[in-house]
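Everything below concerns the one structure shown next.
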Amino acid sequence: MSKPLNAETQSFLDTDLSLQINDRKNEILLQILNLLEVLKANEDDKMARISGELSELLEDEKNLKKITKTKCLDELLNVILKLNDDKMVKIYAKDYLKEKFPILAKSDFLK
């Protein structure tokens, strides 16, 4: 029979897990892929949520055009690295991205 977690341990786990989830929402690659997914969906009721960091990046319309003109994930990563001052970008397995962004997967963007 297992013992229940003490309150301190449970609090730590809850905080750590919620930070991981929030960190993923703030990752620039996932935000840009979400933006592209919404744009390709052509649905008026869908909106992409973007962070302040991405808003700053997209203030220049040229940057948005560079992002939207990319044809594949590798090309997008190169653009993101150049626009984001070569900051580190977390990379995910293509299977995860295909599951998370099905419209991009269907268009062979995530090949």
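Just so you know, all these numbers are worked out from the coordinates, no wet-lab data involved. Computed from a predicted structure; not experimentally measured. FYI the Cβ positions are ideal-geometry reconstructions off the backbone, even for glycines, and counts take in every protein chain you see.
When we measure straight from the Cα of residue 94, which lysines land under 26 angstrom away, once same-chain ones fewer than 8 places off are left out?
Correct list for residue 94: 25, 40, 46, 65, 66, 69, 71, 82, 106, 111.
At 25 °C and a viscosity of 0.890 mPa s, what translational diffusion coefficient does Stokes-Einstein give for region 40-96, taking Rh as the Kirkwood radius over Cα pairs? Give it in µm²/s as a whole number. Walk me through the intermediate numbers first.
On the way: Rh = 12.9 Å.
The calculation lands on 190 µm²/s.
I need the GluC sites (Glu not before Pro) found in region 29-111, filtered to DSSP loop residues with at most 15 other beta carbons within 10 Å of theirs.
43, 59
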